[in-house]
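This report concerns only the one structure given below.
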Amino acid sequence: MSMSPRAFTVFLVSTAVVSSAWLAANLHGQEEKPFHISQAHVGSMTMSGPPQGIDGKSVSLFDGNFWTDWRQRDGQPSQWMVRPDHSVRVHGGDAVSNGEYGDLQLHLEFKCPKIDGATGQARGNSGVYIQGRYEIQVLDSFGLPPSDSSCGGIYGQHTPLVNAAYPAEVWQTYDIVFRAPRFDEKGEVVEKPRMTVLLNGQVIHNNVELSGPTPGGLDSTMSPTGPILLQDHGDAVEYRNIWVRPL
């Protein structure tokens, strides 16, 4: 089956500074030499809201003022409360967006709590489920080897290319581009879903194929659309500045 390429415009910001001498040598085909970073300053990749000029397609799911676009799994309003710093803290069960989406770009910001003595999956655990089915792990994984269950892992399927996580108690960002599964006229899956994920501005998954839904989601079937689900795993993870752009 032939596939038609489709172009997406994704709005991301990233910066890098290297030695001008190293850059000039490598651009002009001279012998490549290693470069040394003596000091690095890492700044938050957060934004105040959806970027301007994107055809009016972005939808704010939480701008820091009202938590009205979210429900519980049973359909009742989500119990998460807006905090004085314009974030929400995980509480009282998973939060599920009222809207459902197919192809999308999702931006959100999260902060894991510092839990002294905690190890493994007890280190500030939550998760972002695209379509309520495909989980990108939220966890305090700073300084640890990446795995499919560490921060940025597509749970049980894909390990991040790099551990780009910040320490606990620091705001972090996810920018996610998702291509929904495709179906034929009989409803059979002909193309599995694919995902690109940036954590704090670094690509950690590049257009990877998903074998199917991950554990803990709304269901185990594939569908053209679905909601965003933010997981309550019992830890005081916080979220803010959540917006989605249908593609």
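Rule-based calculations on the coordinates, nothing more; no lab input. Quick caveat: nothing in here was measured; it's all calculated off a predicted structure. No Cβ is skipped: glycine too gets one built from the backbone with ideal geometry, and neighbour counts run over all protein chains shown.
Take peptides 143-152, 224-233, 168-177 and line them up by average Cβ neighbours within 10 Å, highest first, as a rough protection proxy.
224-233, 168-177, 143-152
Under the rule a/c < 1.5 gives rounded, and otherwise a/b versus b/c splits prolate from oblate, where does region 52-205 land using the Cα gyration tensor?
oblate
Work out how much length Asn207 to Lys192 would gain on full extension: take 0.36 nm times their residue separation and subtract the Cα-Cα distance, in nm to one decimal.
That pair, Asn207 and Lys192, stretches by 4.3 nm at full extension.
Take each of the peptides 67-73, 136-142, 179-185, 79-85, average the number of other beta-carbon atoms within 10 Å over its residues, and list them starting from the highest.
Going by the mean number of other Cβ atoms within 10 Å, highest first, we get 136-142, 67-73, 179-185, 79-85.
Given R₀ = 25 Å, what would the calculated FRET efficiency be for Ile115 paired with Gln76, taking r from the Cβ atoms and rounding to 0.05?
After rounding to 0.05, the efficiency reads 0.30.
So which aspartates and glutamates can Lys114 reach, going by Cα to Cα under 17 Å and dropping same-chain residues fewer than 8 places off?
Excluding near neighbours in sequence, the set is Asp140, Glu169, Asp232, Asp235, Glu238.
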